[in-house]
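Please read the structure below before turning to the comments.
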Amino acid sequence: MIGGMVPPIAIALATTFFKNRWTEEERRNGLVNYIMGLSFITEGAIPYAASDPLRVIPACAIGAATAGGLSMAFNCTLMAPHGGIFVIAVVGNWGFYLLSLAIGSVVGMLILALLKKKKS
């Protein structure tokens with residue numbers, strides 16, 4: 001589940017901290033991705049991936065893989081198949097799960113910042 005939470009959160013972070021790489025509408029819509037990502041609604045990333053797939057998809061995939069790999073390395077467990085942050089009570093090793101989510105999201109954001117061109 002952590003891999004599905006990362007793409008919208010990474011996009012939300014990128015639209016917040018690297019505003020010059022996004023249109024006004026993308027920045028405004030990016031704020032909703034915080035909620036969608038924490039709720040494990042990956043579909044928040046679709047409009048961004050559809051508009052710039054060669055940059056957005058690799059950044060999101062690498063961020064998601066980072067979070068997933070770290071959560072496995074930290075031996076995190078999750079007994080619920082869905083629910084995002086709202087099922088944190090059933091996550092084993094939840095502190096490292098949240099750390100993995102944060103690191104993966106920041107990795108995705110930084111790659112997006114490197115790949116996206118500045119808007120004029």
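The values are calculated or read from the model by the stated rules, or taken from the named source; none is laboratory data. Please read these numbers as outputs of a predicted model, since none were measured by experiment. When we count neighbours, we look across all protein chains shown, and the Cβ atoms used for this are built from the backbone with ideal geometry, even at glycine. The area values use the complete protein model at the heavy-atom level, side chains included, leaving out ligands, DNA and RNA. Shrake-Rupley method; radii C 1.70, N 1.55, O 1.52, S 1.80 Å.
Return yes when Glu43 is acidic (Asp, Glu), out of contact with any Asp or Glu (no Cβ under 8 Å at 6 or more places or on another chain) and under 17 Å from Ser105 (Cβ atoms) and no when it is not. Yes: the conditions hold for Glu43.
Hey, any hits in region 67-75 for a residue that's open to solvent by less than 50 Å² (accessible area, probe 1.4 Å) and hydrophobic (A, V, I, L, M, F, W, C)? Looking for residues that are open to solvent by less than 50 Å² (accessible area, probe 1.4 Å) and hydrophobic (A, V, I, L, M, F, W, C), one finds at least one in region 67-75, hence yes.
When region 76-87 is filtered for residues that are surrounded by 14 or more Cβ atoms within 10 Å (Cβ to Cβ) and not in a loop (DSSP other than H, G, I, E, B), the ones remaining, listed by number, are Leu78, Gly84, Ile85, Val87. Residues in region 12-40 that are without any contact (Cβ under 8 Å) to a residue 24 or more places away in the chain, open to solvent by 30 Å² or more (accessible area, probe 1.4 Å) and of a type in the set (S, T, N, Q): Thr16, Asn29. Within the bounds of region 23-40, is there any residue that is among the basic types (Lys, Arg) and in a helix (DSSP H, G or I)? Yes.
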